[in-house]
Amino acid sequence: MTENRIVTLRELYSVDFELNDIFAMRQKWVKGALFQRPRPRHLTGIIYLKSCKGVYTDITGEAFTAPPKSIVCLPMGSQYTCLNAECSSTLDDAVIVEFNAVRDDIPFTFGDRPFLISDVNPHIAFGLFNDIIQAFESSVPSPLIVKTALYRLLAYLCTEKARNHQKRYGRISAGIELIEANPLSDISIEDIAEACDVTPCYFRRLFKEYSGKSPSEYRMELRLNMAKQMLEGGESTLEYIAEALNFESTSYFCRIFKKKFGMTAGQYRDSYSETENR
C-alpha cells in the first residue's frame, strides 16, 4: 500500500479539495482510561478538548500533552494511544469531527501522527466545532450544512496557520521557497542565508523550527518524494531515477529510499502497481 498524501494545514489555504464521509460526535471521557488506536485511522479526525486533558503517544513512542481548550489533529493512517489524564463531570468533555479530504480524486491528510494545532483562538474554534455538531445532530441533518460548517472550521484553521507562518518565518521565506522549488540544486546554505540577509546559523535554526528538519534533510525528503512519483509512473528504471535526481549512485539511492520508507524502491513500485490494479 502507498502512504497517505500529506498536505499541511498551512498549505491547505491554497488547495482546492472535497470533503466526504463526515462524522461528528460529543465525547465523555473517563479519567485514567487509556484509548488505543492499534490500527491506522481510516479517516482524519480533529478533536477539541473542551474540559479534558489527553496524553497522546504515537507509534514511535513520542508523546505530547493536550490541555483543556486545545485542538488535536488525528491524521488518517496514524496509530496512537491517548491517556485520559483529566476530565470533568459535564455531559461532554470533547467534540470530534472525522472526515475524508480528497484532492484530484486522491485522499490526503495533514500528517502521519497526532499533533497539537496551535496558534488559533480556542473560543473561535469551539464555536465552529459547535456549529458542526449542532448541524450533525439536527433532527433533519443537511449534508450541505454539515459540510459547509466543516469547511468553515478548516478555513479558519488554515488561515490562522498561514498568517502565523508568514509572521514567524517571513524573514527566511525566500530561502524556503528556493529550497522547495529547487530540491536538486546544490546551492549552499550560506548563499541562501545571504540572500535572506541572515546568518547561516540563524537560517538553519529557524528552518529546523519551520520544517522539523535541517535544510539538507528537507532537500533529501523532497528528492525522495519526487522519486516516489517517478516510481508510481512505472516506466523509469532505478538507474534513471538516481541519475535524474542527482543521487551519487543507484545503490545510495536504494539504500536511503529503504531507510526512509521501510521498503526498497522496487517493492514500492510493485506495491503501488498492485494497489492501482485492484
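The values are calculated or read from the model by the stated rules, or taken from the named source; none is laboratory data. Since this is a predicted model, take the numbers as computed values, not measurements. Don't worry about glycine lacking a Cβ; one is built from the backbone with ideal geometry, like all the others, and counts go over all protein chains shown.
For the criterion of being surrounded by fewer than 22 Cβ atoms within 10 Å (Cβ to Cβ) and in contact with a helix residue (DSSP H, G or I) (Cβ under 6 Å, 6 or more places away or on another chain), residue 53 fails. For the range 59-69, a tally of residues being under 23 Å from residue 120 (Cα atoms) and either buried (at least 22 other Cβ atoms within 10 Å of the Cβ) or touching a Lys or Arg at 6+ places or on another chain (Cβ under 8 Å) (or both) returns 5. Considering only residues in the range 144-160 that are farther than 15 Å from residue 101 by Cβ and touching a residue at least 24 places away in the same chain (Cβ under 8 Å), the one that is surrounded by the most Cβ atoms within 10 Å (Cβ to Cβ) turns out to be 160. Scanning the range 86-95 for residues that are surrounded by fewer than 19 Cβ atoms within 10 Å (Cβ to Cβ) and either at pLDDT 95 or above or in contact with a Cys (Cβ under 8 Å, 6 or more places away or on another chain) (or both) gives 86, 88. Among the residues making up the range 92-121, those that are without any contact (Cβ under 8 Å) to a residue 60 or more places away in the chain and out of contact with any strand residue (DSSP E or B) (no Cβ under 7 Å at 6 or more places or on another chain) are 104, 105, 118, 119, 121.
Where helices (runs of 4 or more DSSP H) sit wholly within the range 205-262, those with at least 3 residues that are surrounded by fewer than 13 Cβ atoms within 10 Å (Cβ to Cβ) occupy 215-233, 250-261.
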